[in-house]
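Chemist: Handing you a structure now.
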Amino acid sequence: MLPTTLWRTPILIGLLIVGMLSTKLAVAEETMASAAADFLAALSVDSQGQATFSFDSDERVNWHFLPNEMFQRGGISLKQLSEPQREKAHTLLSTGLSQSGYIAATAIIQLERVLNELESGGRFARDHEDYSITLFGTPEVDGTWGWRFEGHHLSLHFTVVAGQVTVSTPSFFGSNPAEVREGAQTPQQQGQRVLAPREDKARALVTSLSESQRVRAITSDTVPRDIVTGNQYPIDPLDPIGIKAADMSTAQQSLLQELITAYTASMSADIAVRRWEKIQQDGFDNINFAWSGSVELGMPHYYRVQGLSFLIEYDNVQNGANHIHSVWRDFAGDFGRDVLREHYDSVPH
């Protein structure tokens with residue numbers, strides 16, 4: 001059951017309707033396996049060897065959101081692919097994301113062009129083609145396998161267990177610049193804010209709080225330089241600081257839902273539904289929201305949203321508070337850790 005205060009929320013009503021269509025959502029999982037197999041089939045034997053690792057390889061949990069010059073990652077990059085092969089890579093990417101999530105991901109990639117313009121001759125190449133696709137195991141409709149799409153400011157991971165896309169974490173989206181003020185390569189990029197909902201929804205929530213609520217929610221004037229968990233794996237729950245959803249008004253709880261939806265809405269419909277189902281199982285009232293720094297526009301700030309099983313972290317500190325890092329983590333579920341444990345316990349291997 002949903003909390004009684006949430007029944008009238010359009011967002012969750014919509015998710016309930018989608019949940020009723022669960023039999024249709026399996027089609028997305030078949031599409032993902034098919035897209036991955038099509039991508040592999042388009043590669044040469046040598047390229048397949050570069051793009052593929054065993055499912056139990058350590059490379060599967062080797063992840064980061066840093067530029068490639070700072071972090072070596074496996075897989076095959078977009079720049080190594082022909083145009084038809086790139087199209088198949090993008091088709092695979094789109095199976096794990098919603099339309100808005102795919103638009104955000106490709107916009108993040110195109111921000112490398114902006115950085116290349118702004119940092120000409122800098123320490124990093126800023127190459128919009130330097131994003132890698134990596135597969136782990138053999139993509140089969142009923143199989144257990146995984147894949148990753150990763151590069152600077154984008155790290156997306158999908159684990160398929162017995163044919164179900166049960167895991168999609170860590171999922172990292174970053175944006176530098178957070179707002180394109182100069183260096184735009186196209187008119188559409190000027191003023192672009194790729195991750196605007198993740199900032200705006202959080203600010204709407206924190207500024208809606210009463211003075212007594214803000215005392216609990218705003219935990220520090222000092223802002224962490226980056227997300228606290230970085231690329232750690234595994235992670236444990238952070239201190240449950242901030243204000244609980246149970247201590248918010250109905251309107252404030254709706255704002256918190258909108259903030260969480262700014263993250264779940266980036267993923268495909270079936271993944272979004274599963275994330276919300278888990279939130280409801282754990283209890284929406286148990287979610288904590290914490291903010292650090294100023295609530296004023298253009299000032300450094302950080303927030304996190306923590307439930308019993310998940311963590312959202314966001315910071316906008318670097319480059320004059322015009323550089324966003326944001327991530328969704330699952331404490332027991334990153335890279336399918338909990339689901340795989342259950343699967344291996346129940347099925348002989």
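Read-outs: derived from the displayed coordinates by stated rules, not from any lab. All values reported here derive from a predicted model rather than from experimental measurement. Cβ atoms come from the backbone with ideal geometry, glycine included; neighbour counts cover every protein chain shown.
Chemist: So, how do all the Cα-to-Cα distances of the chain break down into 10 Å bins, in percent, from 0 on up?
Modeler: All Cα pairs considered, the percentages come to 5, 25, 34, 25, 10, 1, 0.
Chemist: Which listed residue (Gly101, Ile76, Leu111) has the Cα farthest towards the positive end of the charge dipole for the stretch 52-130, taking +1 on Lys and Arg C-beta and -1 on Asp and Glu C-beta about the Cα centre?
Modeler: Of Gly101, Ile76, Leu111, it is Gly101.
Chemist: In square nanometres, what is one fourth of the surface area of the convex hull spanned by the alpha carbons of the stretch 64-210?
Modeler: Numbers: hull surface 44.2 nm².
Its Cα hull, projected and averaged over all orientations, spans 11.1 nm².
Chemist: In the stretch 250-305, which trypsin sites (Lys or Arg not before Pro) are in a loop and have at most 14 other Cβ atoms within 10 Å, using DSSP for the loop call? The partial results should precede the final answer.
Modeler: Working: sites: Arg274, Arg275, Lys278, Arg304; in loops: none.
Passing both the DSSP loop test and the Cβ count: no residue.
Chemist: Let me ask something additional. Would you calculate a helix-derived [θ] at 222 nm for the chain, using -39,500 (n - 2.57) for each DSSP H run of n ≥ 4 and dividing by the full residue count, to the nearest 500?
Modeler: Numbers: 11 runs with 134 residues, N = 349.
That comes out to -12000 deg cm²/dmol.
Chemist: Using a cut-off of 14 Å between beta-carbons, work out the net charge of the residues near Leu205 (Lys and Arg +1, Asp and Glu -1, Leu205 not included).
Modeler: Values: positive: Arg198, Lys201, Arg203, Arg214, Arg216, Lys244, Arg304; negative: Glu199, Asp200, Asp247, Glu258.
Surrounding charge for Leu205 is +3.
Chemist: Taking 0.36 nm per residue of separation and subtracting the Cα-Cα distance, what length does fully extending Tyr233 through Gln281 add? Before the final figure, lay out the partial values.
Modeler: Values: separation 48, 0.36 × 48 = 17.28 nm, distance 2.42 nm.
Stretched out fully, the Tyr233 to Gln281 stretch lengthens by 14.9 nm.
Chemist: Same structure again: In the neighborhood of Asp236, defined by Cβ-to-Cβ distances under 15 Å, what is the net charge if each Lys or Arg adds +1 and each Asp or Glu adds -1? Don't skip to the answer; put the middle values down first.
Modeler: Numbers: positive: Arg304, Arg329, Arg337; negative: Asp239, Glu313, Asp330, Asp334, Asp338.
Charge balance in the 15 Å sphere: -2.
Chemist: Using +1 on the beta carbon of Lys and Arg, -1 on that of Asp and Glu, and nothing else charged, what's the dipole of the chain about the Cα centre, debye to 20?
Modeler: Details: 27 positive and 42 negative charges, 135 e Å.
Using Cβ point charges on Lys, Arg, Asp and Glu, the chain gives about 640 debye.
Chemist: Here is a further query. What list of ³J(HN,Hα) couplings, whole Hz, do you get for the stretch 280-292 from phi and the Karplus terms 6.51, -1.76, 1.60, once you set θ to phi - 60° and write x for glycine and proline?
Modeler: 5, 4, 6, x, 4, 5, 7, 7, 10, 10, 10, 10, 10
Chemist: If I take all pairs of Cα atoms in the stretch 49-140, what percentage of them are more than 19 Å from each other?
Modeler: Working: 2016 of 4186 pairs.
Result: 48 percent of Cα pairs exceed 19 Å.
Chemist: With θ taken as phi - 60° and the coefficients 6.51, -1.76 and 1.60, list the Karplus ³J(HN,Hα) couplings across the stretch 136-153 in order, rounded to whole Hz; mark glycine and proline as x.
Modeler: Values, residue by residue: 10, x, 9, x, 9, 4, 9, x, 10, 7, x, 7, 9, 10, 8, x, 4, 6 Hz.
Chemist: With an 8 Å Cα cut-off and a minimum separation of 6 or more residues, compute the relative contact order for the chain in percent.
Modeler: The value is 18 percent.
Chemist: Using just the Cα positions, wrap the stretch 279-319 in a convex hull and report its mean projected area in square nanometres, one decimal place.
Modeler: Over every viewing direction, the Cα hull of the stretch 279-319 projects on average to 3.3 nm².
Chemist: Per residue, what volume in Å³ does the convex hull of the Cα atoms of the stretch 135-256 enclose? Don't skip to the end; give the middle numbers.
Modeler: Working: hull volume 23.9 nm³, N = 122.
Expressed per residue, the convex hull around the Cα atoms of the stretch 135-256 is 196 Å³.
Chemist: Efficiency by 1/(1 + (r/R0)^6): what FRET value for Ser54 and Gln185, r their Cβ-Cβ distance, R0 = 51 Å, to the nearest 0.05?
Modeler: Details: r = 39 Å, r/R0 = 0.77.
Here the calculated transfer efficiency is 0.85.
Chemist: Can you quote the Å³ per residue value for the convex hull of the Cα atoms in the stretch 227-337, rounded to an integer?
Modeler: Numbers: hull volume 12.6 nm³, N = 111.
Enclosed volume per residue, from the Cα hull, is 113 Å³.
Chemist: May I have the extent of the alpha carbons of the stretch 37-76 along their three principal axes, as whole Å values ordered from largest to smallest?
Modeler: Taking the Cα atoms of the stretch 37-76, the three principal extents are 30, 22, 15 Å.
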